[in-house]
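Data block below; observations after.
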Amino acid sequence: MSKVAVFSAGSWGTAFSIVLADAGNDVTLWARREELAAAINDRHENPDYQPGIELPATISGTHDVEKALRGADLVVLATPSQTMRENLTQWAPYVEKDAVFVSLMKGVELGTLERMSQVIAEVTGAGPDRIAVVSGPNLSPEIARREPAASVVACEDEDVAKMIQKRIHSPAFRPYTSVDVLGCELGGAYKNVVGLAVGMAVGLGFGDNTTASVITRGLAETARLAMALGANPLTLMGLAGLGDLVATCSSPLSRNRTFGEKLGQGMTTADIYASTNQVAEGAKSCSSLLALADRTGVDAPIAQAVTAVVDGRMTAQDMMEAFIARDTKAETD
Ligand SMILES: NC(=O)C1=CN([C@@H]2O[C@H](COP(=O)(O)OP(=O)(O)OC[C@H]3O[C@@H](n4cnc5c(N)ncnc54)[C@H](O)[C@@H]3O)[C@@H](O)[C@H]2O)C=CC1
Ligand SMILES: O=C(CO)COP(=O)(O)O
C-alpha cells in the first residue's frame, strides 16, 4: 500500500485523509498536539475538527514529523496559508527525495503575494513536476460524511496529475486533472473573498438577487485577474472556479461566508477571530489578492471593499452601497 503523509489534522486535512484512505492509501495524519494524534489512534476520531466521524483503520495519527514523512511518496499540505512557509521550512528536511507535494490550501501569502505552490517551490526547491494542488467545491464536513463531490487535481506535469488522480479517486470523490495550477489556486483563494462579501449581504438581510449579483461579479473579478496572470479561462468556469464559488457562497458550512455574515451583522474582525478556532482564509487573502491585482493593473472592487470592511475602515452596508454606485460600464469590460 502507498503511504501518504497529511499535514495537518484540521478540518480539511482530516476529511481528505478519509478520501485518501477510501482510495486505498495508507495515511499518516500529523497533528500539532500529541493528544489529538492519540485520539486519532485510540478512538479513530478527530474530536476537535470532525467530531462524530469514524476514521478508517488505515489512518494513523502522529505528532512526530519524521515518522509521518518516512516512506511517504505524497505529502499533502493543509495548514493555514499564512503559516505554510514557516511550517514547511521545519518539515522539508524529512521529506523523501522524490516525494510529490499536494497543496489543499486556498490562500495567497501576505507580503510576498505568492500562491502556495510558489511557496512550496521556494522552500523545498521542488520542481513543477513535484508540486500539485487539489481544489474544488469540497466543504470538509460533507466530504467527511462521504457525500459525493468532484474536484480538480492540477500539476504542470500532466502525468503526475494523472498519478495523483488515481491515488485520490474514491467511491465518493471524483477528481479531474488539469495543468492549470495558477488558475486553480487563484480560483480557490478568490472564492473565499467573494464568500466574505456574500456572507456580508446575507448578514445584512439581503436575498438571492443580491447574492447572485455578488457571486457573478466575483467570478468576473477572479477571471480578470487569473487571465491577466496567464490562467486558462475555462478553469474559472470549472470546479475550482465556479464550482467552489457556488459551494462556498451558498453554504452555511463555509467559514468564509459565516465570517462575512458576522461582519454584516456588525461584529468586528477581532470579535469574530475570538469566536472560532478555524481558519477563514479570505480574511487574510483579501489584502494579498488586492495587492496582486494592483500590481497586475487589474480592477478588483470586491477585494478592495472586503479588505476595507475586514480592516474596519468601511461597514458592510457601505460596501453594498458602493458596489451599486460604482461608475457604470459594459458587463464584459
Ligand atoms: N475546511 C474545508 O472545507 C476546506 C479547507 N480548505 C483549505 O485548507 C486549508 C486548511 O483549512 P482547514 O483544515 O479547513 O483549517 P482548520 O482551521 O480546520 O485547521 C487548520 C489546521 O492547521 C493547524 N494549524 C493552525 N495554525 C498552525 C500553525 N501556526 N502551524 C501549523 N499548523 C497550524 C491546526 O492545528 C489545524 O490542524 C485552508 O487553506 C483552507 O482554505 C480547502 C478546501 C476545503
Ligand atoms: O474551500 C472550501 C470549500 O471548497 C471551504 O470553504 P471555507 O474555508 O469557507 O469553509
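A compact table of results
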read-out: Output for the stretch 303-313, where each listed residue is crowded, with 16+ Cβ neighbours inside 10 Å and over 15 Å from G203 (Cα atoms); value: A303, Q304, A305, T307, A308
read-out: Test: residue in the stretch 108-115 that is within 24 Å of G243 (Cβ to Cβ), surrounded by fewer than 24 Cβ atoms within 10 Å (Cβ to Cβ), within 16 Å of ligand 2 (Cβ to nearest atom) and not assigned by TED's automatic domain parsing to the domain that holds G282; value: no
read-out: Some residue of the stretch 127-149 being more than 16 Å from ligand 2 (Cβ to nearest atom) and hydroxyl-bearing (S, T, Y); value: no
read-out: Residues of the stretch 18-45 satisfying the condition of being closer than 20 Å to A172 by Cβ, away from ligand 2 (no atom under 16 Å from the Cβ) and surrounded by 15 or more Cβ atoms within 10 Å (Cβ to Cβ); value: L20, A21, D22, A23, N25, D26, V27, L29, H44, E45
read-out: Checking G266 against (1) in a helix (DSSP H, G or I); (2) over 23 Å from T83 (Cβ atoms); (3) out of contact with any helix residue (DSSP H, G or I) (no Cβ under 7 Å at 6 or more places or on another chain), the condition it does not meet; value: (1)
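To keep it simple, each residue is scored yes or no on (1) under 14 Å from L29 (Cα atoms); (2) in contact (Cβ under 8 Å) with a residue 40 or more places away in the chain.
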site	(1), (2)
I59	yes, yes
T62	yes, no
S81	no, yes
L88	no, no
Y94	no, no
E114	no, no
I120	no, yes
L139	no, yes
R145	no, yes
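Residues are listed down the side, and each one gets a yes or a no for (1) without any contact (Cβ under 8 Å) to a residue 60 or more places away in the chain; (2) within 16 Å of ligand 2 (Cβ to nearest atom):
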| site | (1), (2) |
| --- | --- |
| T258 | yes, yes |
| E261 | no, yes |
| A270 | yes, no |
| A274 | yes, no |
| E281 | no, yes |
| V306 | no, yes |
| V309 | no, no |
| A316 | no, no |
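The values are calculated or read from the model by the stated rules, or taken from the named source; none is laboratory data. Nothing here was measured: the structure is a model prediction, and the numbers come from that model. All Cβ positions, glycine included, derive from the backbone under ideal geometry; neighbour counts span all protein chains shown.
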